Amino acid sequence: MGFEDNIRKVTPYTPGEQPRNKVIKLNTNECPYSPSPKVIGAMQDFDWERLRLYPDPAMTEFTESLAKHYGVKPSQVFAGVGSDDVLSMCFLTFFAGEKPVLFPDITYSFYDVWAGVYRIPYKEKKLDDEFRIVAADYYEQNGGVVIANPNAPTGRGESLELIEDILEHNKDSVVIVDEAYIDFGAETALPLINKYNNLVVVRTMSKSRALAGMRLGYCFGNEKLIKYLNDVKYSVNSYTLNMPSIAVGKAAIEDKEYFDEIVGKVKATREWTAKEFTSLGFTYSSSDTNFIFAKPPEGYSGEYVFEKLKEQGIYVRHFNKERITDYLRITIGTDEEMNILFSALREICDV
Ligand code: PMP
């Protein structure tokens with residue numbers, strides 16, 4: 001059929017809705033608080049006349065401040081336009097073999113999309129009935145491993161022992177640990193980058209640094225892996241981060257005090273809201289993230305509660321996917337937003 005035959009056709013990732021009207025937005029795991037005042041200061045101080053020039057393609061200001069903050073070498077850091085960009089570059093760079101890449105059946109729904117667009121073979125490994133990763137599933141021959149820890153949308157964190165077990169059994173392929181939610185729970189695999197030269201740890205500023213709109217992500221790994229990543233990046237788009245983003249990223253990473261404050265607030269809200277979910281008859285496992293993955297009480301389907309909440313201007317996330325269709329993924333908002341959510345849920349679920 002002519003040109004149609006030459007087109008790369010893919011099933012794209014479906015992002016959570018970004019409604020334009022004022023709603024209570026608990027559907028895409030953003031931070032309910034504003035970014036650090038230092039970030040806002042960096043934006044105000046930015047010399048906009050500099051924008052006529054291209055930005056630093058190595059994003060040195062940002063990568064050096066990340067290296068300093070996390071105690072690694074600048075040559076062990078790579079940054080991109082959100083961790084989606086970093087992860088996408090990792091898939092393109094590290095998964096160029098014939099063997100399938102392994103990741104859980106229930107995890108970040110972008111992994112199979114990148115595998116699809118880059119024509120990477122993959123195999124999904126079933127989480128157990130409690131949505132836990134079974135390390136032994138990752139012992140088989142593969143072309144790479146991707147683990148989100150804590151996992152999304154389940155909210156469950158796995159132990160560092162489990163991550164290391166997977167690393168021990170996968171010395172011949174690159175293992176990516178996506179730590180988008182690590183600041184809210186679970187133990188980071190970051191120190192292991194000096195022990196395993198095939199480990200990449202991916203992070204984002206979208207959640208715990210309240211910068212989803214700025215699009216800042218980064219990863220850490222052995223210098224050689226970072227070089228390979230840069231080689232691919234420079235072959236696709238050399239100037240990924242714009243100048244204001246680079247300045248903002250540096251300012252954000254340097255404000256540890258504010259970071260601790262907002263992460264602490266999200267965790268405190270998570271603790272009392274968990275109890276509230278229990279009293280409403282929802283079931284869930286404890287969360288290591290800035291969201292709760294919860295199942296409404298008997299007789300109320302995930303989709304029904306999702307639609308009813310939406311009618312009231314409260315957005316949560318529902319996945320029409322096997323094994324998780326009964327669940328809702330609800331981002332932790334402010335105390336006030338959660339109280340509004342709970343009064344709506346009491347009405348909807350007749351409690
Ligand atoms: N990884 C996981 C597990 C996520 O949930 C998200 C958020 N959608 C991302 C990566 C990407 O986040 P961002 O591109 O905003 O850094």
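Values in this text are rule-based calculations from the coordinates and carry no lab data. Keep in mind that what you see is a predicted model, and the values were worked out from it rather than measured. Heads up, the Cβs are rebuilt from the backbone with ideal geometry, glycines too, and the neighbour counts pull from every protein chain shown.
Observations, loosely collected:
- Extension reserve of the Glu187-Glu261 stretch, reckoned as 0.36 nm per residue once the Cα distance is removed: 24.7 nm
- Given charges at beta-carbon only (K, R positive; D, E negative), |dipole| of the range 207-249 in Debye: 140 debye
- Taking the centroid of alpha carbons for each part, the range 95-135 and the range 18-67 are 31 Å apart.
- When only alpha carbons are used to place a centre, the range 140-167 and the range 284-325 end up 24 Å from one another.
- Rounded, prolate or oblate (a/c below 1.5 giving rounded, otherwise prolate when a/b exceeds b/c) for the range 75-182 by Cα gyration tensor: rounded
- Three-way shape call for the range 155-238 based on the alpha-carbon gyration tensor, with the a/c threshold at 1.5: oblate
- Point-charge dipole on Cβ atoms (K/R +1, D/E -1) for the range 152-260, about Cα centre, debye to 20: 540 debye
- For the chain, calculated [θ]222 nm from helices alone, where every DSSP H run of n ≥ 4 adds -39500 (n - 2.57): -11000 deg cm²/dmol
- Projected label distance in nm at Tyr118 and Glu347, using a 7 Å step from Cα toward the beta-carbon: 4.7 nm
- Highest-fluctuation residue, Arg323, Arg20, Arg50 considered, GNM on the chain with Cα pairs under 10 Å: Arg20
- Dipole of the chain, positive end: most advanced residue of Tyr218, Tyr33, Ile147 [Cβ charges, Cα centre]: Tyr218
- Charge context of Ala247, other residues only, Cβ under 12 angstrom, K/R +1, D/E -1: -2
- Along the axis of the charge dipole computed for the chain (Cβ charges of +1 for Lys and Arg, -1 for Asp and Glu, origin at the Cα centre), the listed residues Ala247, Leu162, Trp272 are led at the positive end by Ala247.
- Beta bridges assigned by DSSP with both partners in the chain are antiparallel in approximately 50 percent of cases.
- Charges were assigned to the Cβ only: +1 to each Lys and Arg, -1 to each Asp and Glu. The resulting dipole of the range 37-254 about its Cα centre is roughly 600 debye.
- Positive-pole candidate from Ala136, Met43, Leu92, dipole of the range 37-254, charges at beta carbon: Met43
- Asp128-Phe46 FRET efficiency (beta carbon distance; Förster radius 45 Å; 0.05 resolution): 0.40
- Lysines with Cα under 25 Å of Lys250, excluding same-chain neighbours fewer than 8 positions away: Lys38, Lys68, Lys73, Lys207, Lys224, Lys227, Lys233, Lys265, Lys267
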